[in-house]
Amino acid sequence: MLNNIYEKIDPGAVTIIAISLMLFVGFLMTRITKRLKLPNVTAYILTGILIGPFCLDLIPEHVISGTDFLSDIALAFIAFSTGEFFRLSALKKNGAKVIVITLAEALFASLLIFVLTFFILRLELAFSIVLSALAAATAPASTMMTLRQTGAKGDFVDTLLQVVALDNIVAIVAYSISISVAVALSSGSNVSASNVLVPIATNIGVLLLGCVFGYIMKLLIHRRSNDNRLIITVALLFTFCGICAMLGISPLLGCMSMGTVYINVAQDDKLFKQINYFSPPILLLFFVRSGLSFDLGALVGTTGAIGAVSLLVVGITYFVVRIIAKYAGAFIGCAVVKKSTKIRNFLGLALIPQAGVAIGLAVLGARELGGEMGSALETIILAASVLYELVGPVCAKLSLYLSGSYSTKLEEIVQVEEKTDEGEQKSSLEILIERIQKIQQELPKNTVSEEEQAFTSAAEEHFNSQFGTRRSYPRNRRNF
């Protein structure tokens, strides 16, 4: 019925209405998931499923197909923000150990998923190769959210951040090689050395081009006003995405290297905070659009394009085996480099979340493979991502607690002297008061996030430059 109404309206107006519907329903869904203590990514994917063609069918097909470019743009923002964690000063401390741990947990996950899909479930080789490559990716957004909530610090947290950032590089390179091999297999062509060497050379080229863009970014935004810094950054990211789209390659690795070069050359983390505050609507549209492509019917059925097993079985087994593989791979990697017992035992629990990068690569993979195989790949990753976003943050928080990175006990959160200067024992009440006072002193005076502070600062500067008037924005806002 709604499609009949859409046919009578100008296509441009239909597109605007559809996008506003995606934004508004996505926001409303977060009101529900927030009460259930679930991440926003889950709300966005569920929104896409709800208003998509396989449920309420509120979004026209031409809008879904016409917004295909959103995946490249959203991935550019995700990858650029990830580059912030590749500070050379931090990598020099234990870079070699982190690389070993990352390769162990990422490649072990890919290996076990390949064994599951190809040898046990007897799925098509091309499909098994691509799905196993995607298993390496971990969601940095979920991990960062958990770290902010707990305020966790220490060697465990430093190792976790570096591993999460690096294993997405492993996933991108593995995906690039696997999709090239899979396309050759599915088209009936012979797999040759070029199917492996060309993607590697392409990734190296994209990586170097991203480094050049990162240095250009530093030169262009040096001493610019905050609003112009944001404009130039977005323009460069869009330009890079356009070049990659024109060449038919993923912008992920290049955007990550762009962010890495910028943070190490400019030593400016404020730009990343501005980007993180600016990007939520774009990421919302990306995840909602991903949910629009989710085929509920295909999930409970079988497709001859990949094998005789239903996608529901594939999705559930993928979900379980990847968790086991991530934990075991991290355990083995930490044991090899002789990391502490707490890091070895609990790092794998924090590597379970999977959403942004994996979904983005699945969208690109679905585009490359096409047909039922591409649709099956995207459906499985989306279904598994919803499950991972349900259990991932809980497991990450548990790993931080068990590793001693944060505590809920007051006496462990803050330490105070239990005796006076004269050597007399303080009462329990006096010790409690001192601890509370020390915590109050350490609390930030501003309850607004760093991202919002950075964005608000840019808005104030823009207003003052335009009107020559001082204007202050409210610092405390209701989080609704």
**Complete:** Relative to the chain, whose Cα atoms define the longest principal axis, helix 125-134 and its Cα axis are tilted in degrees, nearest 10, by 20 degrees
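Averaged per residue, what accessible area in Å² does the chain show with a 1.4 Å probe, protein chains only?
On the way: 22630 Å² over 480 residues.
Accessible area per residue, the chain: 47 Å².
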**Request:** Using Cα centres only, tell me the gap between region 1-59 and region 147-206 in whole Å.
**Result:** 31 Å
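Would you mind getting me the FRET efficiency between residue 208 and residue 247? Use the beta-carbon distance for r and R0 = 22 Å, nearest 0.05. Can you show the working numbers first?
Values: r = 14 Å, r/R0 = 0.63.
Plugging the Cβ-Cβ distance into 1/(1 + (r/R0)^6) gives 0.95.
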**Asked** What is the packing order of peptides 270-283, 22-35, 360-373, taking the mean over residues of other C-beta atoms within 10 Å and listing the highest first?
**Response** 360-373, 270-283, 22-35
**Message:** Restricting things to Cα coordinates, could you compute the convex hull volume per residue of region 267-358 in Å³?
**Reply:** 163 Å³
**Prompt:** For the chain, what is the convex hull volume of the alpha-carbon atoms per residue, in Å³?
**Reply:** 186 Å³
**Rounded accessible area of residue 192 (nearest 10 Å², 1.4 Å probe)** = 60 Å²
**Asked** Between rounded, prolate and oblate, where does region 118-234 land on the alpha carbon gyration tensor, with a ≥ b ≥ c its root eigenvalues, rounded for a/c under 1.5, else prolate if a/b exceeds b/c?
**Response** oblate
**Asked** With every protein chain present, what accessible area does residue 331 have (1.4 Å probe, heavy atoms only), rounded to the nearest 10 Å²?
**Response** 70 Å²
**Item:** Largest-first ordering by accessible area, 1.4 Å probe, given options 10, 269
**Value:** 10, 269
**Asked** Where does helix 371-402 land angle-wise versus the long Cα axis of the chain, in degrees 0 to 90, nearest 10?
**Response** 20 degrees
**Asked** Put 397, 218 in order of accessible area, largest first, 1.4 Å probe: what do you get?
**Response** 397, 218
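By per-residue mean of other Cβ atoms within 10 Å, what is the highest-first order of 222-228, 422-428, 115-121, 317-323?
Values: 222-228: 13.6, 422-428: 9.0, 115-121: 17.3, 317-323: 19.6.
By packing density, highest mean first, the sequence is 317-323, 115-121, 222-228, 422-428.
So how strong a dipole does the chain carry about its Cα centre when Lys and Arg Cβ are +1 and Asp and Glu Cβ are -1, to the nearest 20 debye?
Values: 38 positive and 35 negative charges, 133 e Å.
In debye, rounded to 20, the chain gives about 640.
Accessible area, 1.4 Å probe, largest first: how do 313, 164, 173, 300 sort? Mind dumping the intermediate values first?
Working: 313 65, 164 5, 173 45, 300 105 Å².
Putting 313, 164, 173, 300 in descending order of accessible area: 300, 313, 173, 164.
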**Request:** Enter the angle in degrees (range 0 to 90, nearest 10) between the Cα long axis of helix 311-336 and the first principal axis of the Cα atoms of the chain, meaning the one along which they spread out most.
**Result:** 50 degrees
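The values are calculated or read from the model by the stated rules, or taken from the named source; none is laboratory data. Everything numeric in this text was worked out from a predicted model, so none of it was measured. Cβ sites come from the backbone with ideal geometry, for glycine too, and all protein chains shown count toward neighbours. These area figures cover heavy atoms from the full protein model, side chains too; ligands, DNA and RNA do not enter into them. Shrake-Rupley method; radii C 1.70, N 1.55, O 1.52, S 1.80 Å.
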